[in-house]
Amino acid sequence: MTVIPPLEVTDLTTTFVSRRRRTEVVRGVSFTIGRGETMMLLGESGSGKSVTARSIMRLYGSSAELGGSVRVAGQELVGLAEPKLRAIRGGQIALVPQDPTGALDPLRRIGSQLAEVLAVHGVERVKTAAHRRAEELLAMVGIPDPKRVAGSYPHELSGGMRQRAVIAIAVSCDPQVLIADEPTTALDVTVQAQILELLAELQQRLGMAVLMVTHDVGVAADFGGRVGVMYAGRLVEEGPASEVLSSPRHPYTEGLLDSLPMPGAARGSLRSIVGSPPPVGAFPAGCAFAPRCPHVRPSCRYDDPLLVTIAHDRVAACPVVNTERVVA
Ligand SMILES: Nc1ncnc2c1ncn2[C@@H]1O[C@H](COP(=O)(O)OP(=O)(O)OP(=O)(O)O)[C@@H](O)[C@H]1O
Ligand code: SF4
Ligand SMILES: [Mg+2]
């Protein structure tokens, strides 16, 4: 029997279209997440992590053209009509955004917002039962006094409690896929670890496939699972987080890890990647990392490196470094 994965993304492209120009931002991203598995998308600011996440949710409407395929539990989302999408979004696939404040209606109590999501997706149509379930969900995400929080407005809660409420809404319909886009960066440092812990716990409990976007290598290492490293709208390396982060096989991943402070290193002694990523709409020909790469060869400026298997369960898009390693 073939097992249908909760999320299967194949050759996804996202091109923003306006009257004056077309800008390709995501350029052929593929990955699969199984039940109860995690994939982290890691990369510098502007590499296309959020656009990938939001494209999977089909949140851009007519402002972007999508290519390739996004299947949620076997259902194709690219090209799916909006009414059908609305049932899947928030139901089978849900998003936890970076800033919980923007995700909540400031004028409505938390409990009503949760109850409405349950009603819209047909999980709990009877009002009293929906409110009871809302309180259960708030308790499940570690809110100590769910009754009070259900009766509160978003501004009456701390940032951490607001993000817990957003997570409760996201998991309320028992989604197959949860996408979390930098879910802790808007929060105090002390709260960040708690929210990551909560997401990991819910993932285990509910068996969701989780796609987590981060630019923080520490978060990727802590959360585990698989990691996909993005650069200029492409995945340049992908594999188990424990392996990719300890022995990177793409020069960009190496550079990202080198830019981390190492225990015992003198302040200011960090090595980091020279230069900055290419702007969207002006990606160089060949390997987009070539202008910054310490291993660059003349051929890198015109040969577009493909993502190829470089070890068991690992792929990378740099033939130069990986050929050298095979030969060595
Ligand atoms: N709606 C849009 N229209 C046109 N370009 C966009 C749009 N949204 C994002 N972009 C561009 O796409 C590129 C990738 O943006 P994205 O938000 O995915 O980056 P990111 O990897 O999530 O970075 P960060 O770590 O800063 O969140 C950026 O250059 C951004 O300016
Ligand atoms: S293909 Fe060339 S430029 Fe690109 S990462 Fe590899 S060595 Fe560097
Ligand atoms: Mg982002």
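Coordinate-derived values only; no laboratory data. What you see is a predicted model; the values in this text were computed from it and never measured. We place every Cβ from the backbone using ideal geometry, glycine too, and count neighbours over all the protein chains shown.
Between the alpha-carbon centres of segment 18-40 and segment 82-153 there is a gap of 27 Å. Between GLU197 and ARG297, the simple label model (points 7 Å from Cα in the Cβ direction) yields a spacing of 4.9 nm. Rounded to the nearest 20 debye, the dipole size of segment 45-131 about its Cα centre is 140 debye, using +1 on the Cβ of Lys and Arg and -1 on the Cβ of Asp and Glu. What is the dipole size for the chain, taken about its Cα centre, with +1 at each Lys and Arg Cβ and -1 at each Asp and Glu Cβ, in debye to the nearest 20? Using only the charged Cβ atoms, the result is roughly 760 debye. Its Cα gyration tensor gives segment 101-172 an equivalent ellipsoid, and the semi-axes of that ellipsoid, as √(5λ) in whole Å with the largest first, are 18, 12, 11. Across segment 305-310, computed HN-Hα scalar couplings (Karplus, 6.51 cos²θ - 1.76 cosθ + 1.60, θ = phi - 60°) run x, 8, 6, 10, 5, 10 Hz from first to last residue, x flagging Gly and Pro.
In the elastic network of the chain, a GNM with C-alpha springs shorter than 10 Å, the most mobile of THR23, THR214, THR190 is THR190. Our estimate of slack between THR2 and ARG22, defined as 0.36 nm per intervening residue step minus the Cα-Cα distance, is 3.3 nm. For the chain, dividing the convex hull volume of the Cα atoms by the residue count gives 163 Å³ per residue. Here the calculated FRET efficiency for THR323 and SER30, from their Cβ-Cβ distance with R0 = 30 Å, stands at 0.85, rounded to the nearest 0.05.
Projecting the Cα atoms of ILE56, ILE4, SER18 onto the charge dipole of segment 1-70, computed from C-beta unit charges around the Cα centre, puts SER18 farthest toward the positive end. A Förster radius of 25 Å combined with the Cβ-Cβ distance from ALA282 to LEU59 puts the calculated FRET efficiency at roughly 0.50.
For the pair ARG148 and LEU80, a Förster radius of 45 Å applied to the C-beta separation gives a FRET efficiency near 0.70, rounded to the nearest 0.05.
Once you sort the root eigenvalues of the Cα gyration tensor of segment 144-193 as a ≥ b ≥ c, which label holds: rounded (a/c under 1.5), prolate (a/b larger than b/c) or oblate (the other case)? Verdict is oblate for segment 144-193. Computed about the Cα centre, the dipole magnitude for segment 10-74 is approximately 300 debye when only Lys and Arg (+1) and Asp and Glu (-1) carry charge, each at its Cβ. Using a Gaussian network for the chain with springs between C-alpha atoms less than 10 Å apart, which of these wobbles most: GLY111, GLY218, GLY36? Comparing GLY111, GLY218, GLY36 in the GNM, the peak value goes to GLY218.
One chain, two ends: SER242 and VAL274. Fully extended at 0.36 nm per residue, the span grows by 9.0 nm beyond their Cα-Cα distance.
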